[in-house]
Amino acid sequence: MSAESTPPEPGIPRDPRPGGRRRRRGPRRRALFVTAWIAAGVLLLGGTGATVLYLKLNGNLRSVDIDSLLGRDRPEKGAEGSRNLLILGSDSRSGGNRELGGGRDDGSSRSDTAMVVHVYRDHRRAAVVSIPRDTLVDRPECTGPDGREHPAARDVMFNTAYATGGAVCAVKTVESLSGLRMDHYLEIDFSGFQRLVDALGGVRVTTARDIRDPESHLDLTAGTHTLDGRQALGLVRTRHGVGDGSDLGRIQLQQSFVKALASQIQDVGLLGNPKKLYDLADTATGSVTTDKGLGSVNSLMSFASDLRDLDADRLRMVTMPVVYDPADGNRVLVEKAKARQVWDALKGDRVIPPDAVEGTATGEADGVVGGPQAPTAP
């Protein structure tokens, strides 16, 4: 079975977990690609207000000049008209994130969610590739935002790139891993994700089974629910509530949640509610950090225009092909041949071939969460 968010084709068997695989203890936290979707979509609608509102929204945005630090040793730009965006979800325990994330404030942050979004040149389709945080990779040398040089490292967890050198090192690691040039990056943390979901009025999902995880403050019975921000955060960060307790299972929940929210956003009717539209735009712009290229309302509106004709049915979501590390069940390794198929397809602005994501490791949580219509329990 593939690690896609949609059900596998009949006849494709589910790969069993290696025997004796250990579950990692302690919750991990995530944010989602959907926050970028809201930020871009709301700004596309809300950026036409009065100048004072424009300046307020523009002043909310935080940006980092990553291009100057990445230098010239980067992959070539992709097909003309296409775009690649790296979405990062950070798990800082500082400020308002401490209560939401739990644990101690050690002054550090990690990128517990990483999604490469490829918008095809026709701007009517997109592919999203989730990169598991526990993937062992070779991290290239990089320069952090503070100008500090960080040496290369071999066989380290993917999410150490952000912990080591922030967004710059994360982008450089993704470019080295994929061979794709990231045109932009966008980041959101715990509290920003929760505020966005609440500002939207919640997200309606259906669970095929009970999901209970005290560590993520989640207690859902099988059925349909409208999740508020805290519940949504619990759902996308839970590992112990469903599946095999791995990072891969949580990625499957995230992908299902993104599709449910993408479908819901299309029916919100913001144009008829100016206050809600502005509240969402204000929340969105105050919740994200971007590269300098997206660091203004005008730039985000331009990016949003690329998504105008994109709906949930044209959003292909997969997980980078990986296998469990036989030496450590808490880590995964890149399935290089299949991963190359995925990245080469996106580099050529082509559809990801189905066999590229078949027969790889999964988190056994596919189909547990869906949109308002009840999914079938796996």
If you take the residues of region 278-307 that are surrounded by 20 or more Cβ atoms within 10 Å (Cβ to Cβ) and among the charged types (D, E, K, R), which of them is farthest from Leu186 (Cα to Cα)? Asp306
Set Asp146, Asp219: member being assigned to a loop (DSSP other than H, G, I, E, B) and over 21 Å from Ile131 (Cβ atoms): Asp146
So, in region 326-345, exactly how many residues are buried (at least 18 other Cβ atoms within 10 Å of the Cβ), touching a residue at least 60 places away in the same chain (Cβ under 8 Å) and not aliphatic (A, V, I, L, M)? 3
Extreme residue, farthest from Phe158 (Cα to Cα), among residues of region 326-360 that are in contact with a helix residue (DSSP H, G or I) (Cβ under 6 Å, 6 or more places away or on another chain) and of a type in the set (A, V, I, L, M): Ile352
Determine whether Gly359 is part of a loop (DSSP other than H, G, I, E, B) and open to solvent by 10 Å² or more (accessible area, probe 1.4 Å). yes
Please work out if Ala339 is in a helix (DSSP H, G or I), hydrophobic (A, V, I, L, M, F, W, C) and at pLDDT 85 or above. yes
Looking at region 340-355, which of its residues are within 20 Å of the chain's Cα centre (by Cα) and farther than 12 Å from Ala79 by Cα? Val342, Trp343, Val351, Ile352
So, of the residues in region 83-122 that are assigned to a loop (DSSP other than H, G, I, E, B) and at pLDDT 50 or above, which turns out to be surrounded by the fewest Cβ atoms within 10 Å (Cβ to Cβ)? Asp122
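Yes or no, residue by residue, for (1) open to solvent by less than 10 Å² (accessible area, probe 1.4 Å); (2) under 17 Å from the mean Cα position of the chain (by Cα):
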position	(1), (2)
Arg124	no, no
Ser130	yes, yes
Gly147	no, no
Val156	no, no
Thr160	no, yes
Thr164	no, no
Ser176	no, no
Met182	yes, yes
Ile188	yes, yes
Could you run through region 342-356 and say how many residues are in contact with a Ser or Thr (Cβ under 8 Å, 6 or more places away or on another chain) and not in a helix (DSSP H, G or I)? 1
Determine which member of the set Gly229, Gly234 is more than 24 Å from Gly295 (Cα to Cα), free of Cβ contacts under 8 Å to residues at least 24 places away in the same chain and crowded, with 21+ Cβ neighbours inside 10 Å. Gly234
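The values are calculated or read from the model by the stated rules, or taken from the named source; none is laboratory data. Because the structure is predicted, anything quoted here is derived from the model rather than measured. With ideal geometry, Cβ positions are generated from the backbone for all residues, glycine too; neighbour counts draw on all protein chains shown. Side chains included, ligands, DNA and RNA excluded: accessible areas come from the protein's heavy atoms. Shrake-Rupley method; radii C 1.70, N 1.55, O 1.52, S 1.80 Å.
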